[in-house]
1. Among residues other than ALA162 whose Cβ falls under 13 Å from its Cβ, what is the net charge (Lys/Arg +1, Asp/Glu -1)?
2. Springs between alpha-carbon atoms under 10 Å, Gaussian network over the chain: tell me which of PRO344, PRO146, PRO52 tops the mean-square fluctuations.
3. Against the longest principal axis of the chain, how steep is helix 266-280, in degrees 0 to 90 to the nearest 10, with axes from Cα atoms?
4. Could you order the peptides 252-258, 229-235, 118-124 from most to least packed, using the average number of other C-beta atoms within 10 Å per residue?
5. Give me the net charge for the shell around LYS6: Cβ to Cβ below 10 angstrom, other residues only, Lys and Arg +1, Asp and Glu -1.
6. Can you give me the accessible area per residue for the range 126-270, using a 1.4 Å probe, in Å²?
7. Between ARG368 and ARG278, what FRET efficiency follows from the Cβ-Cβ distance if R0 is 35 Å, with the result rounded to 0.05?
8. Please give, to one decimal in nm, the separation of the simple spin-label points placed at ILE113 and ARG22, each 7 Å out from Cα toward the Cβ.
Amino acid sequence: MIVHLKKGKPEAERSEDDQQVRSVVEATLKDIEARGDRAVRELSQRFDAFSPPSFRLSESDIEGLMNKVADRDIEDIRFAQTQVRKFAEAQRNSMSDIEIETLPGVILGHRNIPVQSVGCYVPGGKFPMVASAHMSVATASVAGVPRIIAATPPFKGEPNPAVIAAIKLGGAHEIYVLGGIQAIGAMAIGTETINPVDMLVGPGNAFVAEAKRQLYGRVGIDLFAGPTETMVIADDSVDAEMCATDLLGQAEHGYNSPAVLVTNSRALATQTMAEIERLLAILPTRETAAKSWEDYGEVILCDSYDEMLDVANDMASEHVQVMTDRDDWFLKNMRSYGALFLGPRTNVANGDKVIGTNHTLPTKKAGRYTGGLWVGKFLKTHSYQKITTDRAAVEIGGYCSRLCLLEGFVGHAEQANVRVRRYGGLNVPYGEAAD
């Protein structure tokens, strides 16, 4: 039997919050489309108190900011980007162009072609999200995207040097100090000074996520992303301190970041709740983490590992930290999630910052139908076909002619028939099927 020892905010209240965000974003995007740079500048001034002569950083601006970053920090950024690039390169190498001959003279194939321009949003208004530059910019660079632009909000009234360094080292071609809806809108819609992109990627707050959702179709996006989610699946092989730390470590992202413990140990469940209260008293980010835990934290007690698995697959959490005596069993049987973090030596922060897997992951149960951002998201697989012999043109043409007329498409059939006549010397009357 599954028992909820702690529940979060009711779903109806969460939906009400979402509706307010949708309305604001819709009006703001319309304003950006109508007034371009003027709207973007007014929005930046209103929300970030930031209105420089140009939102785009020059090469000298970038160099000056990077010179402010400590050598050790630059070294750490390079290390993290090396890990991300290694994994992205391995993923890219697993994707091959193909060409096969399905029948004599019939050639089919596909090519993996990079998206031609990508806008990477790197959050940084509340916390300077250095790692997000690795995940979007560096990964797009590995994919071979020829134009990568990045936008990041000012931090305490000015560009954050470490974030700018990470974006530049990641391989961005244009860097804009611009945040929120105005950044997303400017990159997707375009303005007098910013050429629009073909695709938007990167995490952000509720307004950024909603802006991407509303712009989807006009541009591609990596995925529909909501607030950070974390789930800890644990049994009595680990202790409450480990569980509480992993839950609060992600709850500090925002006031609405779900953090869920799924366990088959009542003792671990009650001890973890107590440990969370202890840690909240000393955690510097407790104001955010405590609110998130109060409104969105859950503790779910199960009778068995199978129940724990069912709960986890149903919730499809973004981050799933597994600490049990059968971690590989969960790896084998988990079907819906953003990313798995297996064993007590592993943790979600590793994935967020440095280990090499991408931290832009599906939320709000999107793990049921998509994975997270990876090098393949920046590649489009395009097919092609080629017929090289008269005999193949006639053989395929006969099948095509008959199948088109089966559906009532006479014009389609004639595309095949003209080739049957041309390359086979056969007399196929207009509008009739080739034999």
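The values are calculated or read from the model by the stated rules, or taken from the named source; none is laboratory data. Everything quoted here is computed from the prediction, not taken from an experiment. All Cβ positions, glycine included, derive from the backbone under ideal geometry; neighbour counts span all protein chains shown. To get the accessible areas, we keep the full protein, side chains included, count just its heavy atoms, and leave off ligands, DNA and RNA. Shrake-Rupley method; radii C 1.70, N 1.55, O 1.52, S 1.80 Å.
1. +1
2. Among PRO344, PRO146, PRO52, the largest GNM mean-square fluctuation belongs to PRO52.
3. 70
4. Numbers: 252-258: 21.3, 229-235: 25.7, 118-124: 28.1.
Ranking the peptides 252-258, 229-235, 118-124 by packing returns 118-124, 229-235, 252-258.
5. Working: positive: LYS7; negative: GLU294, GLU298.
My count for the surroundings of LYS6 gives -1.
6. Working: 4400 Å² over 145 residues.
I get 30 Å² per residue for this part.
7. Values: r = 35 Å, r/R0 = 1.01.
Given R0 = 35 Å and the Cβ-Cβ separation, E is 0.50.
8. 3.5
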